[in-house]
Amino acid sequence: MALFEATHIQKRFGARVVLENVSLSVEAGEVHGIMGPNGAGKTTCFNVLTGHYAPDGGRITFDGQDITGLKPHRIARLRVSRSFQIMNLFDDTVVIENVILALPRFRAMGFHPGRGVFDDTDLVAEALSVLAEVDLDAHAWDKAQSLSYGQRRALEIAVALAARPRIVFLDEPTSGLGAEATRALAELIRRLRQRYTIVMIEHDMAFLFDLVDRISVIHWGQVIAHDTPAALKANKWVARSALGELA
């Protein structure tokens, strides 16, 4: 049984059909890519899978549990995390505080005006261990806004990992990155795949094809191909399309 599965997902906004019949499955331990042209419905698909939009039809399961239509916070509690194409960090705080605020144990404690974020040494240690996973522990006490763009992408991933997820959804992780930062991110994902199941939307086809086990191609609101990178490169339809040029 797949760890995460979507079956016949539909989503429309008024008269506009964005997702018509999307089905895909993600096995535990794999890196799964989602690709397609602009406007194909990739980010909408991510938003439906992670609860930010409720589907108009279809079914979503995680580890055998039906999560269709659940709110994002309820899905997150099941240990499903995600990043966003547009970064959402607390720039005026230090790097480690971004991670502490995302730790489940900190969130469970609730807000208390008399308690400082750094009062609990166990929370600080846990946050440092998360930052070490993305090579940012040396910058823990720097202001988040002082990080390079590539480091900020890594911090966003650290915030997603703070929930100790079983599956992580990454939305366009190379967006805005130069060649060196993209190579560093690829190396980071290779390390993270040893511990996490990863699903990512990505426009950089070389990056995607080099890292993933399988790819779902979304076009016209549907999954039109679902296979390994090697098989997709050999697919005659993909080869004749604009997607083939990118691949």
Subject >> Filter result for ASP135 (in the same structural domain as VAL48 (by TED's automatic domain parsing), among the acidic types (Asp, Glu) and free of Cβ contacts under 8 Å to residues at least 60 places away in the same chain) >> reply: no
**OP:** Considering every residue within the range 12-33, establish whether at least one is buried (at least 16 other Cβ atoms within 10 Å of the Cβ) and assigned to a loop (DSSP other than H, G, I, E, B).
**Re:** yes
**OP:** Can you give me the number of residues within the range 4-41 that are over 18 Å from GLY69 (Cα atoms) and charged (D, E, K, R)?
**Re:** 3
**OP:** Determine whether the range 169-177 contains at least one residue that is under 30 Å from GLU27 (Cβ atoms), within 12 Å of the chain's Cα centre (by Cα) and polar (S, T, N, Q).
**Re:** yes
Subject >> Identity of the residue in the range 102-120, closer than 27 Å to LEU188 by Cα and assigned to a helix (DSSP H, G or I), that ends up modelled with the lowest pLDDT >> reply: ARG107
Original post:
Restricting the search to the range 171-183, which residues are out of contact with any Asp or Glu (no Cβ under 8 Å at 6 or more places or on another chain) and either among the hydrophobic types (A, V, I, L, M, F, W, C) or under 23 Å from CYS45 (Cβ atoms) (or both)?
Top reply: ASP171, SER175, GLY176, LEU177, ALA179, ALA181
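The values are calculated or read from the model by the stated rules, or taken from the named source; none is laboratory data. Remember, predicted model here, so these are calculated numbers, not experimental data. All Cβ positions, even for glycine, are placed from backbone atoms using ideal geometry, and neighbour counts span all protein chains on display.
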